[in-house]
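Inspection log for the structure reproduced underneath, given as structure tokens.
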Ligand SMILES: [Zn+2]
Ligand SMILES: [Zn+2]
């Protein structure tokens, strides 16, 4: 069965996110657990968490993923920022447990001058401090590699996976990896990129696809998402990803723009249209 959804807002009440997803035709999705541009963290109340869990248990919208807020950076050389980042990431784990959400998606980190190797080590050390238990899996998202961002190469993702002792998996963001230089614009290119992914990270570790087209070209290192099929990955690339034997059973979560061209509902519809034998 095709699993597709978008990143939705939690405004009003957490469980509203599940309603929003249903309303636009999604059957999986993603949320921020609080405002992504701030450090302030309002823990969901017991009542709110209970309402969310009750709706989530229906499984008609599943899985839901928490995307970590934008500010935390586990690879930073700045002490103050690092402490806040680790604390915030630990809180995300607590929220996920409280909501019975299995996946927390994180951007590995930006080293801002510390150097790649030290940055990666710091990320690994930090992740090993999280108490994920059996219930929570930290998904490392592939990045575009802009600036000093880590996690742009499959080798780096693989190193983090191999050296962490907690439960981890991987989110392949199609826009980011394309911008990082992994071609996804044709059937052949998708297969070659997946071969490379498999021989480094291992497809067994791939849990989620962030399905986004890219405004900028292959290897541009620029992270700008575009509507499905309308970017540089394009229609052929998107169809090849959505129908690929090795990807088709994974959840596809869209983080596409909403503007006069299209909204979330239309992008979900496009994915369904691109899926062969969709019913
Ligand atoms: Zn992301
Ligand atoms: Zn992005």
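With the radius of gyration and the Kirkwood radius both derived from the Cα set of segment 4-274, what is their ratio Rg to Rh? Let's see the in-between values first.
Values: Rg = 17.6 Å, Rh = 18.6 Å.
Rg/Rh for segment 4-274 comes to 0.94.
Once you sort the root eigenvalues of the Cα gyration tensor of segment 155-206 as a ≥ b ≥ c, which label holds: rounded (a/c under 1.5), prolate (a/b larger than b/c) or oblate (the other case)?
Working: a/c = 2.48, a/b = 1.98, b/c = 1.25.
Here segment 155-206 falls in the prolate category.
GNM on the chain, alpha-carbon springs under 10 angstrom: the most fluctuating residue among 240, 186, 260 is 260.
Look at where the Cα atoms of segment 107-171 and of segment 25-100 average out, and the two centres are 17 Å apart.
Directionally averaged projected area (segment 45-98, Cα convex hull): 4.4 nm².
Radius of gyration (Cα atoms) of segment 137-276, expressed as a multiple of 2.2 N^0.38 Å: 0.98.
Of the beta bridges in the chain, as assigned by DSSP with both residues counted there, near 15 percent are antiparallel. Our analysis of segment 10-144 gives Rg over Rh at 1.00, with the two radii drawn from alpha carbon positions and Rh computed by the Kirkwood formula.
None of the figures in this text is laboratory data; all of them are computed from the coordinates on show. Everything quoted here is computed from the prediction, not taken from an experiment.
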